[in-house]
Amino acid sequence: MAAAVVVLCTAPASTDRAGRLGAHELARAVVDERLCACVNVLPGVRSYFRWQGRVDAADELLLVAKTTAAAAPALRARLVALHPYDVPEALELAVADGLPAYLRWLGDAVAPAEAP
């Protein structure tokens, strides 16, 4: 069974003018690309942060992506490429344990698709 990790990423609700993706589109893209097995999109996040020398705030959505430790670097790189922020949040948390059937499913869902 592959080691599982959770990657947290906040994002705005909608795609920006430059075509960089909002939270729902980000979630769909990384699951479609098999970089993670599942992404939960949680609404109602109000973030307060220090940016460019001042404290700012934003209404965001929280992405909770479940993936493998092996796929996490590619997932983070893809989030950076698609994300509208200059410095998106991408925090990787190790999963200590879980339901074996779920962890097997997670590993299978992230594995590259077999060629026909």
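The values are calculated or read from the model by the stated rules, or taken from the named source; none is laboratory data. On a predicted model such as this, the values are computed, not experimentally measured, just so you know. Here Cβ is always computed from backbone atoms with ideal geometry, including for glycine, and neighbour counts include all displayed protein chains.
So here's what we get for this one:
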read-out: Looking only at the stretch 1-32, and only at residues there that are crowded, with 16+ Cβ neighbours inside 10 Å, part of a loop (DSSP other than H, G, I, E, B) and of a type in the set (A, V, I, L, M, F, W, C), the one that is modelled with the lowest pLDDT; value: 2
read-out: The stretch 67-91 residues that are in contact (Cβ under 8 Å) with a residue 24 or more places away in the chain, paired with ones that are surrounded by fewer than 19 Cβ atoms within 10 Å (Cβ to Cβ) and of a type in the set (Ser, Thr, Tyr) (beta carbon under 8 Å, 6 or more apart); value: 84/15
read-out: Residue, nearest to the chain's Cα centre (by Cα), within the stretch 46-66, restricted to residues that are more than 16 Å from residue 106 (Cα to Cα) and in contact (Cβ under 8 Å) with a residue 40 or more places away in the chain; value: 63
read-out: Odd one out for residue 88 among (1) at positive phi; (2) in contact with a helix residue (DSSP H, G or I) (Cβ under 7 Å, 6 or more places away or on another chain); value: (1)
read-out: Residues satisfying the stated conditions in the stretch 1-45, i.e. without any contact (Cβ under 8 Å) to a residue 40 or more places away in the chain and among the basic types (Lys, Arg); value: 17, 28
read-out: Sole exception among (1) loosely packed, with under 10 Cβ neighbours inside 10 Å; (2) touching an Asp or Glu at 6+ places or on another chain (Cβ under 7 Å) for residue 47, by number; value: (1)
read-out: Close pairs (7 angstrom Cβ cut-off, 6 or more residues apart or separate chains): in contact (Cβ under 8 Å) with a residue 60 or more places away in the chain in the stretch 101-112, of a type in the set (Gly, Ala, Ser) and surrounded by 14 or more Cβ atoms within 10 Å (Cβ to Cβ) anywhere; value: 103/4; 105/37; 106/4; 106/37; 107/2; 109/37; 110/37; 110/71
read-out: Residues satisfying the stated conditions in the stretch 74-93, i.e. more than 20 Å from residue 42 (Cβ to Cβ) and surrounded by fewer than 13 Cβ atoms within 10 Å (Cβ to Cβ); value: 77, 81, 86, 87
read-out: Residue in the stretch 53-62 that is farther than 14 Å from residue 9 by Cβ and acidic (Asp, Glu) present; value: yes
